[in-house]
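Participant: Once you've had a glance at the structure underneath, I'll fire off some questions.
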Amino acid sequence: MPVESGSSAAARQAKQKRKSHSLSIRRTNSTEHERAGLQRDMLEGQDSKLPLSLRSNLLDLFSQIEREFENLYIENLELRREIETLNDRLAAEGQSFEGADLAKGALKTKASHSTSQLSQKLKTTYKASTSKIVSSFKATTSRAVCQLVREYVGHRDGIWDLSVTRTQPVVLGTASADHSAMLWSIETGKCLLKYLGHQGSVNSIKFHPTEQMALTASGDQTAHIWRYMVQLPTPQPVVDISQTPCEDDVDFSDKDEADGELEGPNDCPSIRVATTTLRSHQGVVIAADWLVGGKQAVTASWDRAANLYDVETSELVHSLTGHDQELTHCCTHPTQRLVVTSSRDTTFRLWDFRDPSIHSVNVFQGHTDTVTSAVFTVGDNVVSGSDDRTVKVWDLKNMRSPIATIRTDSAVNRISVSVNQKIIALPHDNRQVRLFDMSGVRLARLPRSNRQGHRRMVCCSAWCEDNNTCNLFTCGFDRQAIGWNINIPALLQEK
């Protein structure tokens, strides 16, 4: 009986060795043979319902995976060192490679090659684990420093638009769905003046280029021009400001401070009568702006038309028709008699008033959804944003196709372009604000956490070139405007 038992055990072990050899990669290192034998001995001493042969095969396969990961880890480290050395050499020339992308591509190729001898199930497991390794070596690039400076709280409904005065004193203006427009001290966050002349939502606010006058557009089908006089309070020191890299944001629930009623400033002086009222639209006036010189103003409405008015007489000069659906925005060129209007018909139009006898119009097609805004730059460019989650940069001399396209993950609202740095600020429906340069390269994302940032859709952005404290303002449907200090490294600006 003992003799039969011994021969049976020997035959079983020989059969197991043949199966293990057919499913595993041949080992050439004697140390690995010793380790494999030790591991098999340990398996034999453990209680398990699995057959010993199956456990042995699994052990061989997992050992192979472990060795592959070890090799991959070493190659990853070597590749990272090579990339850092190359970036150091090119740093003086202002060039840099995205290490993460390069490493990821190389590792992907190596991973595919190293797993070619494994089964499909092992390949799936291997790739999933490899992605975690690659992500741990993600390269860190130079980031813009975005500093939240001040919050402007006082409106009782969402803020649709904001603007900064072009003359002294420099103040911030906001237009809200609570039927009011407010002027704020940028340094202190205090409300200086409230305009209450509209009977509907105030959708837009723009300041006169040389005088203390504001132009507001409203859902009551009118646009108002009103004069203001404000006195700036004594600046106060900014409290609890920390420089924050733009990407280090922590998301939080919509319930955070979202349901509380915000109390508006009660001691803020108000204006209830407009100096001039611009009428003739048959629908909501969604936006308005001053033409260069400030003697004329243009309005955009849901009645599918844009109107050009004489400010002094409030008479209608031209009615700009042609859009197939409601207008969403209008903007004027800072130095030339040019107007651009955007619409829900997926297009925006350029109206040229430089020649009094000819009023030409050019149609820009390229978006696939509502064009939410289109703005001029100082040069010969127009930047358009859309609900199709893209922003396009156009050259006025070649309007057939954009020179740059920025693709995002959320609809884009009223954008703005910095005059000095030529940076595009993109406010999104998903509460984010991103910064890009004119060539479409992403520079930064403004921080969002449970302590700072917008809690609702961001409706508009506006740059301020004349204030050292805040150079970017954003507003949203969380009833607040925010002032930011954006510091873009010189290397990024040159690129």
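The values are calculated or read from the model by the stated rules, or taken from the named source; none is laboratory data. Since the structure is predicted, the reported quantities are computational estimates derived from the model, not experimental observations. No Cβ is skipped: glycine too gets one built from the backbone with ideal geometry, and neighbour counts run over all protein chains shown. Ligands, DNA and RNA are stripped out before the accessible areas are found, and what is left, the full protein with its side chains, is counted by its heavy atoms. Shrake-Rupley method; radii C 1.70, N 1.55, O 1.52, S 1.80 Å.
Participant: Between THR234 and THR335, how high is the FRET efficiency from 1/(1 + (r/R0)^6) when r is the Cβ-Cβ distance and R₀ = 22 Å? Nearest 0.05. Working shown, then result.
Facilitator: On the way: r = 36 Å, r/R0 = 1.62.
Between THR234 and THR335 the formula returns 0.05.
Participant: Still on this model: Using bins 5 angstrom wide from zero, how does P(r) for the stretch 288-349 break down, in % of all Cα pairs?
Facilitator: It works out to 4, 21, 30, 23, 16, 5, 1, in whole percents.
Participant: Counting only protein heavy atoms and using a 1.4 Å probe, what share of the accessible area of the stretch 365-414 belongs to carbon plus sulfur, as a whole percent?
Facilitator: Result for the stretch 365-414: 38 percent of the exposed heavy-atom area is carbon or sulfur.
Participant: Can you tell me the FRET efficiency between PHE62 and LYS190 if r is taken as the Cβ-Cβ distance and R0 is 60 Å, rounded to the nearest 0.05?
Facilitator: Details: r = 66 Å, r/R0 = 1.11.
Once the sixth-power term is evaluated, E becomes 0.35.
Participant: Name the residues of the stretch 384-427 whose amide N is less than 20 Å from a point 7 angstrom out from the Cα of ASN362 along the C-beta direction?
Facilitator: 384-386, 391-406, 417
Participant: For GLY189, which sequence-distant residues (separation of 5 or more, or a different chain) have an amide H within less than 5 Å of its own amide H, given hydrogens modelled in the peptide plane?
Facilitator: none
Participant: Sort VAL273, VAL433 from largest to smallest accessible area, using a 1.4 Å probe on the heavy atoms of the protein chains. Let's see the in-between values first.
Facilitator: Numbers: VAL273 115, VAL433 5 Å².
In descending accessible area the options line up as VAL273, VAL433.
Participant: In addition: Give me the number: length gained by fully extending THR321 to ASN398, i.e. 0.36 nm times residue separation minus the C-alpha to C-alpha distance, one decimal in nm. Walk me through the intermediate numbers first.
Facilitator: Values: separation 77, 0.36 × 77 = 27.72 nm, distance 2.32 nm.
Between THR321 and ASN398, full extension yields an extra 25.4 nm.
Participant: For a bin width of 5 Å, list the pair-distance distribution of the stretch 333-407 built from all Cα-Cα distances, rounded to whole %.
Facilitator: Per 5 Å bin, starting at zero, the Cα-Cα P(r) for the stretch 333-407 comes out as 3, 17, 29, 26, 15, 7, 2, 1 percent.
Participant: I need the trypsin sites (Lys or Arg not before Pro) found in the stretch 267-312, filtered to DSSP loop residues with at most 14 other beta carbons within 10 Å of theirs.
Facilitator: Answer in residue order: ARG272, ARG279, LYS295.
Participant: Name the trypsin sites (Lys or Arg not before Pro) in the stretch 143-202 that are in a loop by DSSP and that have at most 14 other C-beta atoms within 10 Å, would you?
Facilitator: Filter output for the stretch 143-202: ARG156.
Participant: What trypsin sites (Lys or Arg not before Pro) in the stretch 382-456 are in a loop by DSSP, with at most 13 other Cβ atoms within 10 Å of the Cβ?
Facilitator: Sparse-neighbourhood loop trypsin sites (Lys or Arg not before Pro): LYS397, ARG400, ARG451.
Participant: Follow-up question, since we're still on this one. So how much accessible area does ASP88 have, in Å² to the nearest 10, using a 1.4 Å probe?
Facilitator: Here the accessible area works out near 110 Å².
Participant: Hey, another quick one. Taking a probe of 1.4 angstrom, what is the accessible area of HIS329 in Å², to the nearest 10?
Facilitator: Near enough 20 Å² of accessible area.
Participant: Residues with amide H under 5 Å of ILE403's amide H, sequence separation 5 or more or different chain, H placed in the peptide plane at 1.01 Å from N; which?
Facilitator: Excluding prolines and chain starts, which carry no amide H, the hits are VAL393, TRP394, ASP395.
Participant: Skipping prolines and chain starts, which residues have an amide H placed within reach, meaning under 5 Å, of the one on SER180, given they are 5 or more residues away or on another chain?
Facilitator: Those lying under 5 Å, H to H, from SER180 are VAL202.
Participant: May I pose another question? Can you give me the C-alpha center-to-center distance between the stretch 276-347 and the stretch 377-424, rounded to a whole angstrom?
Facilitator: Going from one Cα centre to the other spans 20 Å.
Participant: Okay, moving on. Given labels modelled 7 Å from the Cα in the Cβ direction, how far is it in nm from ILE74 to ASP466?
Facilitator: 6.5
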